[in-house]
1. By how many nm would the segment from A87 to S178 grow when fully extended, if each residue of separation counts as 0.36 nm and the alpha-carbon distance is taken off?
2. Calculate the dipole size of region 52-186 relative to its Cα centre from +1 charges on Lys and Arg beta carbons and -1 charges on Asp and Glu beta carbons; express the result in debye to the nearest 20.
3. Based on the alpha carbons, how large is the Rg to Rh ratio for region 1-59 when Rh follows Kirkwood?
4. Rounded if a/c is under 1.5, else prolate if a/b is larger than b/c, else oblate: which is the chain, with a ≥ b ≥ c the root eigenvalues of its Cα gyration tensor?
5. Provide the per-residue ³J(HN,Hα) series for region 165-175, in order, calculated from phi with Karplus coefficients 6.51, -1.76, 1.60 and θ = phi - 60°, each as a whole number of Hz, with x at glycine and proline positions.
6. Which residue fluctuates most in the GNM of the chain (Cα springs below 10 Å): T61, T154, T22?
7. Cβ neighbours within 10 Å, averaged per peptide: list 207-216, 26-35, 51-60 in order, most packed at the top.
8. All other residues with a Cβ under 11 Å from the Cβ of V156 taken together, and with Lys, Arg as +1 and Asp, Glu as -1, what is their net charge?
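Every number in this text was worked out from the coordinates using simple rules, so none of it is lab data. Worth saying up front: this structure is predicted, and the values here are computed from it rather than measured. Here the Cβ positions follow ideal geometry from the backbone for every residue, glycine too, while neighbour counts run over all protein chains shown.
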Amino acid sequence: IDAALGGGPLAGRHVLVTSGPTHEPIDPVRYIANRSSGAQGTAIAAALRDLGARVTFVTGTAEVPPPQGVTVVRVETAAQMLAAVQAALPAEAAVMAAAVADWRVANAAGQKMKKDGTGQPPALEFAENPDILATVSQGAQRPRLVVGFAAETTDVLAHATAKRARKGCDWIVANDVSPATGIMGGSENAVTLISAEGAESWPRMAKDAVARRLAARIAEALA
Ligand code: CTP
Ligand code: CA
């Protein structure tokens with residue numbers, strides 16, 4: 001309601017959110033992707049909107065539909081996501097929740113690949129994708145607040161803390177996505193917010209609740 005009236009603590013602020021998987025083509029009919037549903041990023045975009053922000057939502061096609069009342073930019077590949085993010089800047093804050101494919105297929109075929117009858121499968125070659133979070137964090141149009149995610153299955157805190165330093169973002173939202181946690185594809189999340197001040201573990205809660213809490217923290221930081 002605040003947003004509809006043009007109010008809210010983030011009124012007049014532009015916030016960029018990335019979400020969902022990317023899809024990296026193998027040929028015109030096949031791709032490599034990952035299990036991200038886009039649920040957490042979608043909830044964050046909605047929570048920022050609810051606080052009055054103008055939200056640009058850059059999304060790989062995900063299971064969860066994008067929220068209403070935000071500017072949706074649909075992308076397929078990591079390269080397209082980077083271009084869309086750069087086109088959406090400047091922004092006061094950026095939240096990079098996307099599960100960006102680390103590699104693309106370097107020898108993707110322009111035509112559908114066909115079995116050649118020898119029983120020999122094709123060999124795929126991979127190239128590393130650009131790091132969107134690091135590019136934005138270290139770029140000329142760096143938002144005042146840059147928030148990254150770290151999905152880990154071992155040594156969550158150590159890996160996430162190292163990631164924050166390496167990429168140059170302000171905060172990392174770290175979570176354990178081991179299959180046993182049920183977080184990947186589930187409706188709940190248990191995260192640790194890592195900032196210059198240290199690490200703060202939040203209790204396990206609905207992804208919507210994580211999103212609202214994070215959006216409130218972003219509003220505080222931009223106030
Ligand atoms: N990220 C990105 N561009 C990439 C890879 C990751 O912007 N090419 C962002 C993600 O959106 C997330 C953060 O970086 O906010 C961390 O992603 P993650 O996959 O955990 O880290 P990586 O640096 O890819 O390291 P690794 O997967 O090897 O652990
Ligand atoms: Ca990765």
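1. Numbers: separation 91, 0.36 × 91 = 32.76 nm, distance 3.42 nm.
Taking A87 through S178 to full extension adds about 29.3 nm, to one decimal.
2. On the way: 12 positive and 12 negative charges, 69 e Å.
Dipole size: approximately 340 debye.
3. Details: Rg = 15.3 Å, Rh = 12.8 Å.
Using only Cα positions, Rg/Rh for region 1-59 is 1.19.
4. Details: a/c = 1.86, a/b = 1.59, b/c = 1.17.
Prolate is the answer for the chain, as a/c is 1.5 or above and a/b outweighs b/c.
5. Values per residue, Gly and Pro as x: 5, 5, 8, x, 8, 7, 10, 10, 9, 9, 8 Hz.
6. Per the Cα network of the chain with a 10 Å cutoff, T154 tops the list.
7. On the way: 207-216: 20.2, 26-35: 14.7, 51-60: 25.1.
Ranked from most to least packed, the peptides come out as 51-60, 207-216, 26-35.
8. Working: positive: K163; negative: E152, D155, D176.
Combined, the nearby Lys, Arg, Asp and Glu give -2.
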